[in-house]
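Participant: Handing you this structure, nothing more for now.
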Amino acid sequence: MMQMTKHTYDAVVIGAGFSGLYQLHTLRDQLNLKVKVIETGHDLGGTWYWNRYPGARCDSESHSYCYMFSEEIYKEWSWSERYPGPDEIRAYLNFVATKLDLRKDIQFDTTVTSAHFIEADNVWEVATNTGDTYRTTFLITAIGCISTANVPDIPGLSTFKGKWYHTGNWPHETVSFKGKRVGQIGTGSTGIQAAPVIADTAEHLYVFQRTPNYSVPARNAPLTDEFKEYVRNNYGEIKEVVQSTPNGHPFRISSTKVFDQTEEERQATYEAAWDKGGLQFRASFQDLIVDKKANDTAANFLKNKIKSIVVDKETAESLSNIDHPYAGKRPPIDTNYFETFNRDNVTLVDLKKENIEAITATGIQTNAGHIELDMIVFATGFDAITGKFLQMDIRGRQGLPLSDAWKEGPRTYLGLQTPGFPNLFTITGPGSPSVLCNMPVPIEQHVEWITDCIEYMRKHNIDTCEANQEAADEWVDHVNAAANATLLPTVPHSWYLGANVVGKPRVFMPYAGGMTRYRAICEDVVANNYNGFVFASDGIEENTNNRTNDKFAAAEKIQSPGI
Ligand SMILES: Cc1cc2nc3c(=O)[nH]c(=O)nc-3n(C[C@H](O)[C@H](O)[C@H](O)COP(=O)(O)OP(=O)(O)OC[C@H]3O[C@@H](n4cnc5c(N)ncnc54)[C@H](O)[C@@H]3O)c2cc1C
């Protein structure tokens, strides 16, 4: 029989990635709370614990993909490459965890299965798969936006005699492709990273492509001593840039509009961005993500690049037959992705021309024929942003399940709280900038906002903090308005809209108004007595601030999107 142990904490944090680690530090070491972090994995790292697939690498540049809250920690760590891989990111997070002595308060190998708010006591009762339960005043989810692997429901998978893997749940031992016929399904950011590395050793790689994608060369390289020195000596400046740009990257978005330049100048701008490589390509012009005609110039440039790289005309046509605006979906960056299709051992299977009918014992059956395979790699992405929330049985006031509150799509206030779920805070929750940014930046901002809020509550003897319904409704409208000011919602198959998961409501989930604007709104809420949040002590509401529409009005007037 399972041993049941009850624990009592001030705060329980779910997840031990970037978010959970920093939240543990602030609540425990700054507020002196009794805190426990609960983590499914056997070790810390979050995304980078689970995603160890061939070619896995961060697309954010290393000197910005890290914590900025401590100058000392920032300067003590030195990155080796322009983009860090999972091993180096885990080493970094371990360095931080050791420095801040975090491990002793993390419960690994444990999954939170349910969390129920007990109204009589104003506490959360948290249950886990190990049988332990936790009573806690504050419950904070640090469960990640891209942490629920999505394996498509293709008939016959259980009959497949070879091995199959999802990139987001990759084994920790080496997977060898030598002598293997591998089928890779999916050509998003992950698939684009994985294919060239799998092709290096596989006997043959078949890439099944449903949605062709743009990609810009990453141009990864070891960092020079000179650059490392620059990073060490310019902490303040780098921090200022990542915190004042809309998407938290260490570069500014150009203030030039696409049609401010002549055709010749524009091509030169794109060529220079292509040579520099990375996500910065998206920052070449101010209006790329808002103006379809402007976007077409980038899209055509990138399609022509594909055609100039890929030798086989039919394959080049299939790869460049892209139906959405550039960066309308998460823009991938790559190392030799399109070049991979010039190899003799790589075949593109264009799922616009043929359909996968079933997985068989020995391969994949399409309506055009059977492809014999020894191994299948699903690079099919994630049930993003809401996936992990809805895997838990979370219930708020009057037993309201979160799955009911979010039936038509997630409804939060600032992505931080959901009405009816007091003292439940969600780091990078739906309705916050999250995945549209270099994520350590929004993570730090959320952790610090939540910490300040809890500190305020304790100072003022407040029992509960809860988003008010009207505030959440207004915020959801604002999130939609911000998205609709961009080209992002025009991409029907985007995971930002939940379109990659069967049955998921089509709602644009992240806040596209930009991190700088979002930060200012959050600060404004605090300055206005936590406007939109209801504080209560002994069941009596403390702040009687009624919400007004003024709060987002300034934000609404800004026409440019935040990304
Ligand atoms: C392949 C890939 C590439 C990425 N590249 C970039 C990039 O280039 N730049 C960028 O900014 N971001 C990138 N991201 C996003 C990345 O997730 C974030 O940058 C960051 O790692 C998120 O940290 P987190 O702590 O919020 O969540 P995560 O790192 O996802 O950690 C969440 C943790 O919560 C745990 N958990 C979830 N539910 C439960 C539960 N019920 N019980 C117990 N534990 C639970 C999970 O096991 C996980 O370890 C990428 C993501 C992926 C998957």
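Participant: Determine if the stretch 100-117 includes at least one residue that is more than 16 Å from the ligand (Cβ to nearest atom), within 17 Å of Ile38 (Cα to Cα) and either free of Cβ contacts under 8 Å to residues at least 24 places away in the same chain or buried (at least 16 other Cβ atoms within 10 Å of the Cβ) (or both).
Facilitator: Taking every residue of the stretch 100-117 in turn, at least one turns out to be more than 16 Å from the ligand (Cβ to nearest atom), within 17 Å of Ile38 (Cα to Cα) and either free of Cβ contacts under 8 Å to residues at least 24 places away in the same chain or buried (at least 16 other Cβ atoms within 10 Å of the Cβ) (or both).
Participant: Let me ask you something else. Tally the residues that are outside any helix (DSSP H, G or I), open to solvent by less than 10 Å² (accessible area, probe 1.4 Å), of a type in the set (A, V, I, L, M, F, W, C) and within 16 Å of the ligand (Cβ to nearest atom), restricting the search to the stretch 422-470.
Facilitator: Residues meeting the conditions: 3.
Participant: Taking the condition of being within 13 Å of the ligand (Cβ to nearest atom), open to solvent by 10 Å² or more (accessible area, probe 1.4 Å) and in contact with a strand residue (DSSP E or B) (Cβ under 8 Å, 6 or more places away or on another chain), how many residues in the stretch 51-80 meet it?
Facilitator: Adding up the residues that qualify gives 2.
Participant: Can you tell which of Asp477, Asp473 is free of Cβ contacts under 8 Å to residues at least 12 places away in the same chain and either over 22 Å from Tyr65 (Cα atoms) or open to solvent by 20 Å² or more (accessible area, probe 1.4 Å) (or both)?
Facilitator: Going through Asp477, Asp473 in turn, just one is free of Cβ contacts under 8 Å to residues at least 12 places away in the same chain and either over 22 Å from Tyr65 (Cα atoms) or open to solvent by 20 Å² or more (accessible area, probe 1.4 Å) (or both): Asp477.
Participant: What is the one condition in (1) within 22 Å of the chain's Cα centre (by Cα); (2) of a type outside the set (Asp, Glu); (3) away from the ligand (no atom under 14 Å from the Cβ); (4) not in a helix (DSSP H, G or I) that Ala91 does not satisfy?
Facilitator: (4)
Every residue, every condition in (1) farther than 30 Å from Asp275 by Cβ; (2) among the small types (Gly, Ala, Ser); (3) within 16 Å of the ligand (Cβ to nearest atom), yes or no:
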site	(1), (2), (3)
Thr128	yes, no, yes
Leu139	yes, no, yes
Asn150	yes, no, yes
Gly156	yes, yes, no
Gly162	yes, yes, no
His166	yes, no, yes
Gly183	yes, yes, no
Pro217	no, no, yes
Phe227	no, no, no
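Participant: Which count do you get for residues in the stretch 384-405 that are under 17 Å from Gly431 (Cβ atoms) and more than 16 Å from the ligand (Cβ to nearest atom)?
Facilitator: 2
Participant: If you go through the stretch 39-48, how many residues are surrounded by fewer than 23 Cβ atoms within 10 Å (Cβ to Cβ) and within 6 Å of the ligand (Cβ to nearest atom)?
Facilitator: Within the stretch 39-48, residues that are surrounded by fewer than 23 Cβ atoms within 10 Å (Cβ to Cβ) and within 6 Å of the ligand (Cβ to nearest atom) number 3.
Participant: Still on this structure, I have one more. Which one of these does Tyr230 not meet: (1) exposed (fewer than 14 other Cβ atoms within 10 Å of the Cβ); (2) more than 24 Å from Ile333 (Cα to Cα); (3) of a type outside the set (Gly, Ala, Ser)?
Facilitator: So the condition that Tyr230 fails would be (1).
The values are calculated or read from the model by the stated rules, or taken from the named source; none is laboratory data. As the structure is a prediction and not an experimental result, all values here were calculated from the model. Cβ coordinates were reconstructed from backbone atoms using ideal geometry, including for glycine residues, and neighbour counts include every protein chain displayed. Quick note on the areas: whole protein, heavy atoms, side chains included, nothing else; ligands and nucleic acids left out. Shrake-Rupley method; radii C 1.70, N 1.55, O 1.52, S 1.80 Å.
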